[in-house]
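Structure, as structure tokens:
The values are calculated or read from the model by the stated rules, or taken from the named source; none is laboratory data. None of these values were measured; they are calculated from a predicted model. So basically every Cβ, Gly included, is an ideal-geometry build from the backbone, and we count neighbours across all protein chains shown. Only protein heavy atoms, including side chains, enter the accessible area calculation; ligands, DNA and RNA are left aside. Shrake-Rupley method; radii C 1.70, N 1.55, O 1.52, S 1.80 Å.
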Amino acid sequence: MKRTYKRLVMVCSDIVALPLALWSGYALRLSELWPEPYLIASSWLFLALPIAGVYIFMRLGLYRAVVRFMGAQAIWAVVKGVMLLALFLWATAFIFKIEPFPRSVPINFALAALVYVGGSRLLIRHYYHWLLKHYVNKDAVLIYGAGGAGVQLATALSDGKEYYPIGFIDDDKSLWGSTIKNLPVNDPGKIPNLLKGANVKHVLLAVPNASNKERKKMLERLDNCSVHVQTIPSMPELLSGKASIEQLREVLIEELLGRDPVPPMSSLLAKCIDGRIVMVTGAGGSIGSELCRQVVQQQPKALILFECNEYGLYRIEQELVQFMGESGLSFPIYALLGSVVNRDRVNKVIKYFSVDTIYHAAAYKHVPIVEHNVVEGVTNNIIGTQVVAEEAANAGVKHFILISTDKAVRPTNVMGATKRFAEMILQHLASTNVRTVFSMVRFGNVLGSSGSVVPLFRKQIQDGGPITVTHKDITRFFMTIPEAASLVIQAGSMAKGGDVFVLDMGESVKIVDLAKRMVQLSGLELKTKDNPDGDIEIKYSGLRPAEKLYEELLVGDNVIGTDHSKILRATEAFLEGEKIYSYLTEMNNAIQSTDSDRLRRVLSDAVSGYQPHEKMVDHLLPKERPQDNIIKLR
């Protein structure tokens with residue numbers, strides 16, 4: 001029905017209910033079903049009362065209230081309206097000296113009117129929700145968290161058409177066995193029984209104030225339940241107005257891992273950026289773009305985005321310009337195309353803009369890709385770092401921070417070896433240069449970056465599987481992109497020259513356990529030998545070329561703390577200048593002749609711990625080419 005018709009129905013209902021309430025007032029007072037003399041004496045009130053009632057209810061906004069969403073405000077409007085009508089009834093009887101008129105009739109009328117006017121609306125509301133529950137295809141859900149957010153969520157879901165809550169789960173023992181919003185509050189230990197008994201396929205986390213560590217404990221209680229877990233937005237999102245209680249989202253991977261990011265130290269964030277000209281190489285990449293976002297918030301004098309990928313450069317520039325417009329920030333951003341191996345281009349950019357701080361994030365990072373493209377990997381990761389670092393030193397750049405990786409520690413692959421050699425270039429320059437403070441920050445995998453396992457697993461689950469894991473025992477350290485970028489900036493501010501900073505990544509995570517939990521929290525079952533009817537299978541594809549089972553963050557044990565609890569400073573040996581440049585000369589010669597095997601031998605000699613055990617898999621082998629990669633035209 002149209003809204004106008006619905007309001008007309010409510011008006012007609014009240015026109016009938018109010019005279020009925022007045023008759024009930026007389027009947028209750030006189031204990032007679034039809035006290036005729038009294039009714040005749042006040043007969044004209046049966047006409048005046050509905051007219052006054054409709055007017056009062058209209059002024060109180062009762063007819064604007066949507067019955068199915070009727071809450072305390074609408075009920076209070078009914079109470080105020082009925083009280084005013086009872087007062088009107090008493091005043092009218094007194095002024096016009098209606099006789100006989102028992103003085104308790106207005107009170108009885110008010111009680112009856114509350115039942116007829118308010119009760120009818122609540123009855124319709126209850127009937128509406130009963131219809132939704134029994135005749136609309138709604139899924140039963142459990143709400144984890146019986147606090148204010150959980151109650152709001154239960155109310156919102158009850159009025160919707162997707163889910164209906166059957167109860168709460170809460171860790172607070174004092175709430176167990178109680179009822180909130182007509183829903184029982186249960187012990188988390190009873191989750192398996194509750195899921196089976198009511199055929200629940202969804203659990204909704206309503207704990208916006210909980211830390212990631214607390215959320216992890218909650219999620220662990222749902223292990224092996226094969227139930228789809230979603231969560232309401234975080235408290236900052238709710239307070240900022242960017243999201244509302246009923247806007248459910250998937251559980252974030254950082255909530256699965258239980259790592260709580262440490263609040264940044266504002267003084268460290270601003271030290272190398274505020275009022276300075278900052279340059280970010282690889283500005284369009286996962287880490288580079290996040291560095292740019294955080295640099296902008298510290299209000300540099302200017303920001304130079306240096307990137308060889310045109311689309312990546314365009315995307316981050318547009319995002320930053322929009323953010324600055326919304327935030328009222330005003331300083332220039334320059335989007336510059338260029339490669340870090342182009343010495344002339346790098347030199348001109350650094351000198352033209354008089355750069356103060358450089359965050360060098362430009363690198364090839366995918367282990368198998370670099371293993372198949374050795375020449376380009378060495379060129380970009382080593383020669384590119386050499387070029388930018390040397391030009392920074394020549395131009396007198398104040399701070400140079402290299403983004404490194406845990407794969408640089410006792411590397412088993414070309415990518416890791418190139419990053420360790422890049423670190424040694426900076427360590428050497430730091431020992432011979434006093435104008436530029438060189439440092440490097442080493443950390444593990446970042447969640448959600450390009451090539452990360454998390455988005456890959458999510459897509460594989462959406463496609464119905466299988467999930468591909470390289471090895472059952474493989475483990476990795478994880479950190480969110482914003483946290484990693486923030487720690488990089490803070491570490492660079494503490495540098496004295498030649499520092500190797502290591503980020504505390506917490507505990508390593510077994511990848512197969514991560515995959516299993518993602519399947520279970522999607523409401524699906526693992527397909528195994530014991531459960532052949534499961535939904536998603538995990539297949540082991542074998543370690544990729546030169547891939548490690550376990551990652552490390554330190555070459556040795558010589559590490560000390562810093563002012564930041566999550567940043568450590570390592571002291572590691574490096575090559576002397578003559579050896580460094582001797583190896584660089586050999587690398588350049590091998591690059592010119594496209595000799596991948598020679599490059600691997602040089603890296604093996606130069607980088608401690610690197611031994612290329614795997615067979616050469618470069619796509620451009622000197623003597624033979626892998627035939628399976630050649631497309632034959634017929």
Heavy-atom SASA rank of Ile536, Ile51, Ile560 (probe 1.4 Å, accessible area, largest first): Ile51, Ile560, Ile536
Inter-label distance for Glu310 and Phe94, nm, one decimal - labels placed 7 Å from Cα along Cα-to-Cβ: 8.7 nm
0 to 90° range, to nearest 10: angle between helix 286-297 axis and the chain longest Cα axis: 70 degrees
Helix 343-353 axis, angle to the chain major axis (alpha carbon atoms, nearest 10°): 50 degrees
Within the accessible area of the chain (1.4 Å probe), percent carbon and sulfur: 54 percent
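Can you bin segment 135-229 into rounded, prolate or oblate? Criterion: square roots of the alpha carbon gyration tensor eigenvalues sorted a ≥ b ≥ c, rounded for a/c under 1.5, prolate for a/b above b/c, oblate for the rest. Could you put the intermediate results ahead of the total?
Numbers: a/c = 1.42, a/b = 1.21, b/c = 1.17.
Because its axes are fairly even, with a/c under 1.5, segment 135-229 counts as rounded.
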Cβ-based net charge around Arg315, under 15 Å, with every Lys or Arg adding one and every Asp or Glu removing one: -4
Hits among lysines - C-alpha to C-alpha of Lys138 under 24 Å, sequence gap 8 or more where chains match: Lys161, Lys181, Lys190, Lys196, Lys201
Separation of the Ser604 and Asn182 label points, Cα + 7 Å toward Cβ, nm: 7.6 nm
Cα-Cα over 20 Å, subset of Lys217/Lys510; Lys365/Lys459; Lys472/Lys529: Lys365/Lys459
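Quick one: of the DSSP bridges fully inside the chain, what percent are antiparallel, nearest 5?
On the way: 14 of 67 bridges.
Taking every DSSP beta bridge within the chain, about 20 percent pair in antiparallel fashion.
Sum -39500 (n - 2.57) across every DSSP H segment of at least 4 residues in the chain, then divide by the residue count to get the 222 nm mean residue ellipticity, nearest 500. Walk me through the numbers on the way to the answer.
Working: 24 runs with 288 residues, N = 634.
For the chain, the value works out to -14000 deg cm²/dmol.
Sorted by packing (mean other beta-carbon atoms within 10 Å per residue), highest first, where do 364-373, 184-193 land? Could you put the intermediate results ahead of the total?
Numbers: 364-373: 20.3, 184-193: 15.0.
The most tightly packed comes first, giving 364-373, 184-193.
Quickly rank 141-147, 463-469 as a protection proxy: mean count of other C-beta atoms within 10 Å, highest first.
Working: 141-147: 24.0, 463-469: 16.7.
Result, highest mean Cβ count within 10 Å first: 141-147, 463-469.
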Gained length - Ile107 relative to Tyr55, 0.36 nm times residue gap less alpha-carbon distance: 16.7 nm
Karplus-derived HN-Hα couplings along segment 98-115 (A = 6.51, B = -1.76, C = 1.60, θ = phi - 60°), whole Hz, x at Gly and Pro: 6, 9, x, 8, x, 5, 8, 4, x, 5, 4, 4, 4, 5, 5, 5, 4, 5
FRET efficiency estimate (nearest 0.05) - Cβ-Cβ, Glu250 to Glu326, R0 22 angstrom: 0.25
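Set the Förster radius R0 to 25 Å, insert the Cβ-Cβ distance between Asn588 and Tyr334 as r into 1/(1 + (r/R0)^6), and round the FRET efficiency to 0.05. All intermediate terms of the calculation are to be shown ahead of the outcome.
Details: r = 30 Å, r/R0 = 1.21.
The computed FRET efficiency comes out at 0.25.
If you take the beta carbon distance between Thr468 and Ser13 as r and set R0 to 51 Å, what does 1/(1 + (r/R0)^6) give as a FRET efficiency, to the nearest 0.05?
0.20
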Under 5 Å, built H, 5+ apart or other chain: amide partners of Tyr164: Asp139, Ala140, Val141
Two-site label geometry, Asn531 and Thr4: point separation in nm, points 7 Å out along Cα→Cβ: 5.7 nm
The chain: projected area of the alpha-carbon convex hull, averaged over directions, in nm²: 40.9 nm²
Cα-based reach from Lys351 at 21 Å (exclusive), listing lysines while leaving out same-chain residues under 8 positions away: Lys301, Lys398
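May I ask you to order 299-310, 283-294 by the average number of other C-beta atoms within 10 Å around their residues, highest value first? Working shown, then result.
Values: 299-310: 20.8, 283-294: 23.3.
Most protected by this proxy first, the peptides run 283-294, 299-310.
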Whole-number accessible area per residue in Å² for the chain, which is evaluated in the context of all protein chains at 1.4 Å: 49 Å²
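For segment 274-361, what class follows from the C-alpha gyration tensor (a ≥ b ≥ c being the square roots of its eigenvalues): rounded when a/c is under 1.5, otherwise prolate if a/b is larger than b/c, else oblate?
Working: a/c = 1.91, a/b = 1.31, b/c = 1.46.
Oblate, because a/c is 1.5 or more while a/b does not exceed b/c.
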